[in-house]
Amino acid sequence: MSVLGIDIGGTFIKFCGKEKNEIKTGKISTGNDINKVISELEKIMKNFQPDVLGIGVAGLYDKKTGKLTHSPNIKFLEGLPLKRLLEERFNIPVIIENDASAAAFGEYCYGAGKNSKILVCFTLGTGLGGGLVINGNLISGVSGSAMEIGHTTIDIEGWHCHCGRKGCLESYVSSYGLERMYFMLTDKKLSSTEIITLANEGNTEAMKAIEEFSKYLSTGLMNVIHTFNPDVVVIGGGIPQHYPAVISLAVSSLKNKAFSLPFRDCQIKKAELGEFSGAFGAMALAERLIDESS
Ligand SMILES: [Zn+2]
């Protein structure tokens, strides 16, 4: 039996499949309509000829209806019966999860979360996604929307979040949160990528913005550590990938504020699968589906 995992994001479709027991990954542009997505998927499917397809998709995926109900970065997929569409088109079983949940499962099966008992995963990019794996089981909730850690409130009168609420963790801990912190320090508008490049060159203000950012990240970490008492928290996404010191900064701040008992037993690690955590996770979900049905 062969499996394929696909991570559908706003900018890229990333895939991960096995060819002669060798894992292959790749990415292509998502495009801006469903037909483009399907035609790109057709090409990948031809290569791998999977028996089961796993999908991670950015947004709120409703497990009961098989539709993506809310996806600010892939608007054209909103409301589409994605599961039915893909199953009819490719004539194989399709399993779909939110992309951050898929990323957590990928890190559990193939990355930094291997052998953990309680794994929490943060995916830190444009937004902030979360995932949870307990004793090898992905916990994505009855509807599929668990672990929206980015949209838990840390300040009821705080900054505006892209979701429309105020003071969400994501409004601080995301690329746009970092951009805002840098702007408040310097009055200059730079992208998070530019800020990280500057910080890596030793620019004091950029480093200061990231230090500020790491304090909010540590509050997010504290909240999940106090809630789940995990043995591993994995942090993935562009920011920690290109500026890994953000993790040690957050851990030192966390040490001063979290309960010492759950802090003692928790390892905070950088994601190992880089930008492919979600695709690996989608592949692992397809593998799990085969195991369960055999
Ligand atoms: Zn929000």
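The values are calculated or read from the model by the stated rules, or taken from the named source; none is laboratory data. Remember, predicted model here, so these are calculated numbers, not experimental data. Note: ideal-geometry Cβ built from the backbone for every residue, glycine included; neighbour counts use all protein chains shown. Remember, those area values only see protein heavy atoms, side chains included, never the ligands or the DNA or RNA. Shrake-Rupley method; radii C 1.70, N 1.55, O 1.52, S 1.80 Å.
Of all the residues that make up the stretch 257-294, how many are β-branched (Val, Ile, Thr) and not in a helix (DSSP H, G or I)?
Residues meeting the conditions: 1.
Residues checked against (1) under 23 Å from Ser253 (Cα atoms); (2) more than 16 Å from the ligand (Cβ to nearest atom); (3) not in a loop (DSSP other than H, G, I, E, B):
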{"position": "Arg180", "(1), (2), (3)": "yes, no, yes"}
{"position": "Gly202", "(1), (2), (3)": "yes, yes, no"}
{"position": "Met207", "(1), (2), (3)": "yes, yes, yes"}
{"position": "His226", "(1), (2), (3)": "yes, yes, yes"}
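Would you be able to say whether some residue in the stretch 54-77 is touching a Phe, Trp or Tyr at 6+ places or on another chain (Cβ under 7 Å) and open to solvent by less than 40 Å² (accessible area, probe 1.4 Å)?
yes
Of Lys270, Lys255, which residue is surrounded by fewer than 19 Cβ atoms within 10 Å (Cβ to Cβ), closer than 16 Å to Val173 by Cβ and not aromatic (Phe, Trp, Tyr)?
Exactly one residue qualifies, and that residue is Lys270.
Is it the case that the stretch 210-229 has a residue that's of a type in the set (A, V, I, L, M, F, W, C) and in contact with a Cys (Cβ under 6 Å, 6 or more places away or on another chain)?
Taking every residue of the stretch 210-229 in turn, at least one turns out to be of a type in the set (A, V, I, L, M, F, W, C) and in contact with a Cys (Cβ under 6 Å, 6 or more places away or on another chain).
Can you name the residue in the stretch 147-200 that is of a type in the set (S, T, N, Q) and under 21 Å from the mean Cα position of the chain (by Cα) and, of all such residues, is most open to solvent (accessible area, probe 1.4 Å)?
Thr193
Taking the condition without any contact (Cβ under 8 Å) to a residue 40 or more places away in the chain and closer than 28 Å to Phe228 by Cα, does Val120 pass?
Here the answer is no, as Val120 does not meet what is asked.
So, in the stretch 24-40, how many residues would count as being open to solvent by less than 70 Å² (accessible area, probe 1.4 Å) and closer than 19 Å to Val52 by Cα?
Residues in the stretch 24-40 being open to solvent by less than 70 Å² (accessible area, probe 1.4 Å) and closer than 19 Å to Val52 by Cα: 6 in total.
Go through the stretch 125-146 and give me each residue that's away from the ligand (no atom under 14 Å from the Cβ), surrounded by 16 or more Cβ atoms within 10 Å (Cβ to Cβ) and outside any loop (DSSP other than H, G, I, E, B).
Answer for the stretch 125-146, where residues must be away from the ligand (no atom under 14 Å from the Cβ), surrounded by 16 or more Cβ atoms within 10 Å (Cβ to Cβ) and outside any loop (DSSP other than H, G, I, E, B): Gly131, Leu132, Val133, Leu138.
Using the structure shown, decide if Arg84 is closer than 20 Å to Ala102 by Cα and open to solvent by 20 Å² or more (accessible area, probe 1.4 Å).
yes
Of the conditions (1) closer than 18 Å to Glu179 by Cα; (2) open to solvent by 70 Å² or more (accessible area, probe 1.4 Å); (3) hydrophobic (A, V, I, L, M, F, W, C), Leu261 satisfies every one except a single condition; which number is it?
For Leu261, the exception is condition (1).
Out of curiosity, is Leu217 within 16 Å of the ligand (Cβ to nearest atom), hydrophobic (A, V, I, L, M, F, W, C) and part of a helix (DSSP H, G or I)?
Judged against the criteria, Leu217 is a match.
Taking Gly150, is it within 12 Å of the ligand (Cβ to nearest atom), assigned by TED's automatic domain parsing to the domain that holds Val120 and not in a loop (DSSP other than H, G, I, E, B)?
Considered against the rule, which asks whether it is within 12 Å of the ligand (Cβ to nearest atom), assigned by TED's automatic domain parsing to the domain that holds Val120 and not in a loop (DSSP other than H, G, I, E, B), Gly150 comes out as yes.
When the residues of the stretch 153-176 are filtered to those that are within 26 Å of Pro230 (Cα to Cα) and touching a residue at least 24 places away in the same chain (Cβ under 8 Å), which remaining residue is farthest from the ligand (Cβ to nearest atom)?
Filtering first and then ranking leaves Ser175.
Under 7 Å by Cβ, and 6 or more places apart or on different chains, what pairs join a residue from the stretch 3-23 that is surrounded by 15 or more Cβ atoms within 10 Å (Cβ to Cβ) with one that is among the basic types (Lys, Arg)?
Val3/Lys18; Asp7/Lys14; Phe12/Lys27; Ile13/Lys27; Lys14/Lys27; Gly17/Lys24
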